[in-house]
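Just so it is clear, none of the values below were taken in a lab; they were calculated from the coordinates. Bear in mind the structure is a predicted one, so any value in this text is a computation, not a measurement. Note that each Cβ is placed from the backbone with ideal geometry, even for glycine, and that neighbours are counted across all protein chains shown.
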Amino acid sequence: MEVVVCRDADEVGRVAGARIAHLVGQRPDPVLGVATGSSPLATYADLARRVREGSLDLRGATAFALDEYVGLPPEHPQSYAATIRRDFAEPVGLDPDRMHVPDGTAANPDEAGRRYDEAIAAAGGIDVQLLGIGANGHIGFNEPSSSLASRTRMKTLTMATREANARFFESVDEVPTHCLTQGLGTIMEARHVVLVATGEAKAEAVAGCVEGPVSTSCPASVLQFHPKVWVVVDEAAASRLRNRAYYDEVLANRPPSQLIAD
Ligand code: GLP
């Protein structure tokens, strides 16, 4: 795992954007895994800037979102289909037909989950997966207790997650109780992973992800088994890392161009 501690959220976005652009920029038809939430917004802004300036072209790209609320149609403004369209697909000029989101209205969600994994495989797999992290260590909507080998499927949201996401709804009661989420096993098949986190509220989850025991209690800790992960965080989100001095030393000894390219 490469742990990059940045000064602030903007720098997190620039570093994560540079990493993603490096990994997919030369490919005519890359496959991106994308996340909703506040954490990746600065990264999307950075990617959109690269597209505007002409150094990145995502017109041939395909993208797969991590998750969707069960019961919200894609037209609902707080559905993840609508959110990822607004935050990512439109700003970077992605072909709307190649922006995939799990079908939260499917009559048979588990069947929809299987189809989603098949669609990812048919696209050739995900080249780089961008992740945020929940305060309880979830990635996608894989709440604590998720199987580390799980596939895309329906999950029950924890009350803590529903409360955290209530800010996008009139009240917590309107936040759906279930979701369809890529599984931890699905996420682990991405060739590269970039996880972004900012703020003190994420510090415990980031420490669990990077340094804690691999455990379903902190689902993001499964990433310790992935050979190509970048964890890009600000000072506050890094504040509980025990080996912080070592990560800084690694960074200090490598020029930024080499850092992005590895
Ligand atoms: C939701 C999403 C996750 C996201 C998390 C954190 O639960 N399903 O993909 O990482 O929220 O969101 P934020 O970045 O807004 O803190």
- Surrounding charge for Ala190, neighbours by C-beta under 11 angstrom, Lys/Arg +1, Asp/Glu -1, total 0
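Please give me the summed charge of the neighbours of Pro73: other residues whose Cβ is under 15 Å from its Cβ, Lys and Arg +1, Asp and Glu -1.
-3
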- Item | Dmax and Rg, reported as Rg then Dmax, of region 1-55 (C-alpha, Å) | 11.4, 33
- Message: Given all pairs of different Cα atoms, what value in angstroms does the Kirkwood hydrodynamic radius of region 155-262 take?
- Response: 15.9 Å
- Counting Lys +1, Arg +1, Asp -1, Glu -1, what net charge surrounds Val172 among other residues with beta carbon under 10 Å of its beta carbon? -2
- Query: Working from the pairwise distances between different alpha carbons, so that the mean of 1/r is found and then inverted, what is region 73-198's Kirkwood radius in Å?
  - Reply: 15.4 Å
- What longest range of the chain stays clear of loop-exposed GluC sites (Glu not before Pro) (DSSP non-H/G/I/E/B, at most 11 other C-beta within 10 angstrom)? 76-169
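Quick check of the Kirkwood formula: for the chain, what is the inverse mean of 1/r over all pairs of different Cα atoms, in Å?
For the chain, the Kirkwood estimate is 18.2 Å.
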- Helix-derived [θ] at 222 nm for the chain: sum -39500 (n - 2.57) over DSSP H runs of at least 4, divide by residue count, nearest 500? -9000 deg cm²/dmol
- Loop-exposed trypsin sites (Lys or Arg not before Pro) per DSSP, neighbour cap 12 Cβ within 10 angstrom, longest uninterrupted part of the chain: 60-241
